[in-house]
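**Q** If you scroll down you'll find the structure; I have some questions about it.
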Amino acid sequence: MIIKLNQNNRIWFVIYAIISVVVLFGMSNSIWAHGISDADKTAMLSGGYLKYVWLGATHMLTGYDHLLFLFGVIFFLTTFRDIIKFITVFTIGHSITLIFATFMGVTANYFLIDAVIAISVCYKGFDNNNGFKNYLGVKAPSLLGMVFAFGLIHGFGLSTRLQQLPLGDNSLHMLMRIVSFNVGVEIGQIVALAFMLLVLSTWRKTVSFKHFSRVANDGLILGGFILLLMQLHGYLHTQSPDDFGFAEDNHSHHHERMQEEFKSNLPKHENLFDAVPGVQTEEEGER
């Protein structure tokens with residue numbers, strides 16, 4: 001059976017297809033692994049300030065949750081003044097918590113913090129689609145105030161990751177490493193924003209922007225919701241590992257190790273059942 005789509009339906013079909021592909025691709029561990037790797041921790045043991053700058057920049061550029069929120073913030077901003085105003089407020093917010101929370105050692109479960117960051121992505125997509133007026137019948141909260149508030153939360157999320165690194169005991173060196181990381185974050189943010197603004201400024205000149213803007217922000221809501229589920233799953237997994245059958249955060253690593261152990265045991269046994277823990281043959285059962 002051949003389904004014929006008119007031009008408008010074809011546009012919506014393509015957009016939802018793109019969103020589906022992005023979501024499915026995002027389910028891979030490499031995409032969701034937004035944290036400080038063991039390699040980074042090792043490199044920072046003797047790393048200078050420039051390494052912390054580089055780490056901050058790369059961390060921001062791979063921070064899908066931060067980038068999605070920023071994309072939502074600038075989505076409808078057309079003047080340079082507005083862009084600078086909102087990005088400055090966001091930068092001040094996340095710099096405050098990143099620097100002071102890290103220096104003072106204030107921390108929290110990073111899964112819960114990232115869950116709130118995911119909610120901020122949903123919030124921005126909902127706000128961009130006039131959700132408060134259309135669905136709740138109320139005036140939306142001050143956007144500038146909300147961007148600042150969410151900036152504080154985003155900075156706290158960055159702080160929980162940075163505190164996984166060996167920052168040292170010397171207060172001055174520790175502060176300089178934190179500031180260097182924050183400088184790197186700002187550099188990464190500028191690079192990401194430059195790319196986003198280029199895409200949006202080009203897109204706004206086309207007719208499709210009017211048709212796509214709503215579904216693009218629906219995509220933000222969907223992406224934020226998926227991130228929320230992932231972070232809540234991670235939190236429950238670490239708080240109640242027995243409920244999941246694994247005591248580690250990374251399922252794939254656990255499975256891979258189990259498979260390697262299983263294969264290494266195969267030559268030592270006469271049959272397959274001997275290699276599987278907890279499985280008895282009939283002869284063993286009779287004994």
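None of the figures in this text is laboratory data; all of them are computed from the coordinates on show. Owing to the predicted nature of the structure, the values given are computational and were not obtained by experimental measurement. Positions of Cβ are generated from backbone atoms using ideal geometry, with glycine treated the same way; all protein chains shown enter the neighbour counts.
**Q** Work through the residues other than V116 whose Cβ is under 14 Å from its Cβ and net out their charges, Lys, Arg +1 and Asp, Glu -1.
**A** -1
**Q** Please give, to one decimal in nm, the separation of the simple spin-label points placed at A39 and T79, each 7 Å out from Cα toward the Cβ.
**A** The answer from the label model is 4.6 nm.
**Q** Provide the packing ranking of 86-97, 66-77, i.e. peptides ordered by the mean count of other C-beta atoms within 10 Å per residue, highest first.
**A** 66-77, 86-97
**Q** Give me the distance in nm between label points sitting 7 Å out from Cα along the Cα-to-Cβ direction at L172 and L232, one decimal.
**A** 4.8
**Q** Between H211 and Y64, what is the label-point separation in nm under the 7 Å Cα-to-beta-carbon projection?
**A** 2.8
**Q** Pairs of alpha-carbon atoms within less than 8 angstrom and 6+ residues apart define the contacts here; what relative contact order does the stretch 112-222 have, in percent?
**A** Value for the stretch 112-222: 48 percent.
**Q** Rank-order 129-142, 212-225 by packing density, defined as the average count of other C-beta atoms within 10 Å over each peptide's residues, highest first.
**A** 212-225, 129-142
**Q** In what sequence, highest mean first, do 153-163, 49-59 appear when ranked by Cβ atoms within 10 angstrom?
**A** Values: 153-163: 24.2, 49-59: 19.4.
The packing order, highest mean first, is 153-163, 49-59.
**Q** From the phi of every residue in the stretch 210-217, what ³J(HN,Hα) in whole Hz does the Karplus formula 6.51 cos²θ - 1.76 cosθ + 1.60 yield, where θ is phi - 60° and glycine or proline is x?
**A** Karplus-based 3J(HN,Hα) across the stretch 210-217 equals 5, 6, 8, 4, 5, 5, 5, 6 Hz.
**Q** Work out the FRET efficiency for M104 and L143 from their Cβ-Cβ distance, taking R0 = 35 Å, and round it to the nearest 0.05.
**A** After rounding, the FRET efficiency stands at 0.75.
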